1. To the nearest 20 Debye, how big is the dipole of the chain about its Cα centre, given +1 on the beta carbon of each Lys and Arg and -1 on that of each Asp and Glu?
2. Take every DSSP beta bridge with both residues inside the chain and express the antiparallel ones as a percent of the total, to the nearest 5.
3. For segment 111-209, with all protein chains present and a 1.4 Å probe, just round the carbon and sulfur fraction of the accessible area to a whole percent.
4. Mind giving me the nanometre distance, one decimal, between the label points for residue 666 and residue 689, set 7 Å out from Cα along Cα→Cβ?
5. Can you give me the P(r) profile for segment 31-78? Cα pairs, bins 10 angstrom wide beginning at 0, each as a whole percent.
6. For each pair in 220/408; 476/597; 44/744, compute the distance between the two Cα atoms and list the pairs where it is over 28 Å.
7. Along the charge dipole of the chain, pointing to its positive end and built from +1/-1 on Cβ of Lys, Arg, Asp and Glu, which listed residue (305, 147, 399) has its Cα farthest out?
8. Remind me, relative contact order of the chain in percent, using alpha carbon pairs under 8 angstrom and six or more residues apart?
Amino acid sequence: MARINQRNMASHIVGYPRMGPKRELKFALESFWDGKSSAEDLEKVATDLRSSIWKQMSEAGIKYIPSNTFSYYDQVLDTTAMLGAVPERYSWTGGEIGLSTYFSMARGNATVPAMEMTKWFDTNYHFIVPELGPSTKFSYASHKAVSEYKEAKALGIDTVPVLIGPVSYLLLSKPAKGVEKSFSLLSLLGSILPIYKEVVAELKAAGASWIQFDEPTLVKDLDAHELAAFSSAYAELESALSGLNVLIETYFADIPAESFKTLTSLSGVTAYGFDLIRGAKTLDLIRSSFPSGKYLFAGVVDGRNIWADDLAASLSTLQSLEAVAGKDKLVVSTSCSLMHTAVDLVNETKLDDEIKSWLAFAAQKVVEVNALAKALAGQKDELYFAANAAALASRKSSPRVTNEEVQKAAAALKGSDHRRATNVSARLDAQQKKLNLPVLPTTTIGSFPQTVELRRVRREYKAKKISEEEYVSAMKEEISKVVKIQEELDIDVLVHGEPERNDMVEYFGEQLSGFAFTANGWVQSYGSRCVKPPIIYGDVSRPNPMTVFWSKMAQSMTSRPMKGMLTGPVTILNWSFVRNDQPRFETCYQIALAIKKEVEDLEAAGIQVIQIDEAALREGLPLRKSEHAFYLDWAVHSFRITNCGVQDTTQIHTHMCYSNFNDIIHSIIDMDADVITIENSRSDEKLLSVFREGVKYGAGIGPGVYDIHSPRIPSTEEIADRINKMLAVLDTNILWVNPDCGLKTRKYTEVKPALTNMVSATKLIRTQLASAK
């Protein structure tokens, strides 16, 4: 075969999933944490995964292959380790950071808590937040970037080492405990750059010719002071970087014009990477003002979804960019790291061929990137492109995708606001007459512990090893047990415990049309935890009731109100891989209409309290403030659609996880639920400060009184103290008492005493309130 002219075969991958095609890293980590395997065993799994990823990219023809995107837990934590920025509580004494210190920071240990975890931009991945202050001592304490570069080199693969850029690292950090909230994290730039220089010097000495700095904070709304930090950081690094090609990679959104200007005038930088999927407007900036003589890494293959690329469309975008950057300076890339998508379609044996032909997971996206690079270089694989065009055409015309009736119903929503007929205080009065609840009513969020036995029964039913009758009888027994426990604890509004549910989104998706499920489509959420998002490929509708049978059964076991338990449309949307052939809000409205039918069927079946969880409402908030209002408008509207048709006497609850609500409190009020329960205990009650600052809230509210993510059992006094803090800012007649979240991951030995103390604390305060009257 004649040697291909490498000049134009330029392809690049921003990053790759770490967990392995069958979650090998997850199982190796958990085995190591449980003390069942050694550090060497863990390292062996990691080494094998890394080498197979590098070889796979190399064999696919990728020119710029990333290294140091692998991680045992999180890439930001890896950077904290590289900089030796270990908080004092971990008693680290210096030297190279070992696994024990590293995992203590990530997960806590017997004596000290973990560092805080928060969402990575607007993805469902979470990173470990660095804790920094004026007294943080930095030192070069993890040589991971260099050792992984050398490891790949030993396999004969020259990689591009990837580091989180110094400015994004600081902007993603938080002031450590005891440090003034106003402390300028960017003031630490001068302290961390010397370490970056050491790393760069070692990489150069090891033979690296390219280096990639990920600076994704450039897509956020930055002020002049923050933008200036980028200019000064890279000016300071310029001499250290001389002789290297330097790529600055951005992703997840359009880059603002000011930031584009700052980025493209950084000193010592050779190449710029952009997300052209979520940053389509960036194309205009590139066309009008991309600097000459620089490399353009064009992120045309979507790193955040599972759809096959439209190769013909991508190729025409790339061809138009050749005129801007020049033929030998244009590199085909992914829009962001592929860690946000599933690993390999090869492992999907259950998906039917039609749907499978519409998809591309990480391994397939690597091939797409290379096919585009070859096509640009004049070596288009006509068969591959034709198969892609045929798959796209089949997706467009498939009767499984389009449901006229659903399209019509969703279009008809446009004219209305979908609000309930009366205001919340009148509804609460009507509900109280019917429900007759005590002051400070107690409830739980929904799920009860999922025992090994329960999971076994569900598994056996799915595998058809037990009959439907046996399954229903096992579930009935479990629900009856959960109802009894709650009655004995004297909880006011009960739940059925959700024993029949595997996951709060999957359970509903399996019963709605337009959804498909994978066997191995796992995506890392944090550490070793992975999620398997459903795929929404078509119009969504609800062929049959989904929860009515179980809720009705549970209500028949008690005279106390039993909550119907549903997942809201926005959460189902945000926790799925969503179709990319119509706007997200249209899909959300379709899901809302399906949930609306379920709400009305529950009401007709005699369920008087219905909870519609919107755990992920805030997660979908766009990165740029200018886009917030539009998102919040359709997200909140979708929630209202689900319950606008119920009677005043039916009480609608919603539950939200994640603590940062202060900026969207007005949208939460606009959801117009009767009662909202909110995760609160972990965030040092930041939430209550909103009400302290005078936001008027007239609906029922239950800020969580204890953290269910920890096995710790809070005392009655501690919970009573929490309730009193809430009463200082909220009216007695609207406050509810409940845990933070569902109890499914806890054990009964933790749940019973914690709930006992929660009810005791509530009764104690009821007594105090009565005597104060």
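The values are calculated or read from the model by the stated rules, or taken from the named source; none is laboratory data. Everything quoted here is computed from the prediction, not taken from an experiment. As a convention, Cβ positions derive from the backbone with ideal geometry for all residues, glycine included, and neighbour counts pool all protein chains shown. Each accessible area value is taken on the protein alone, full model and side chains, heavy atoms only, with ligands, DNA and RNA left out. Shrake-Rupley method; radii C 1.70, N 1.55, O 1.52, S 1.80 Å.
1. With only Lys, Arg, Asp and Glu charged at Cβ, the dipole is about 320 debye.
2. On the way: 10 of 61 bridges.
That works out to approximately 15 percent antiparallel.
3. Here carbon and sulfur together make up 56 percent of the probe-accessible area.
4. Simple spin-label model gives 2.0 nm for this pair.
5. With a bin width of 10 Å, the distribution comes to 23, 42, 27, 8, 0.
6. Details: 220/408 37 Å; 476/597 25 Å; 44/744 33 Å.
Listed pairs above 28 Å: 220/408; 44/744.
7. Value: 399.
8. Values: 1391 pairs, mean separation 87.2, N = 773.
Relative contact order comes out at 11 percent.
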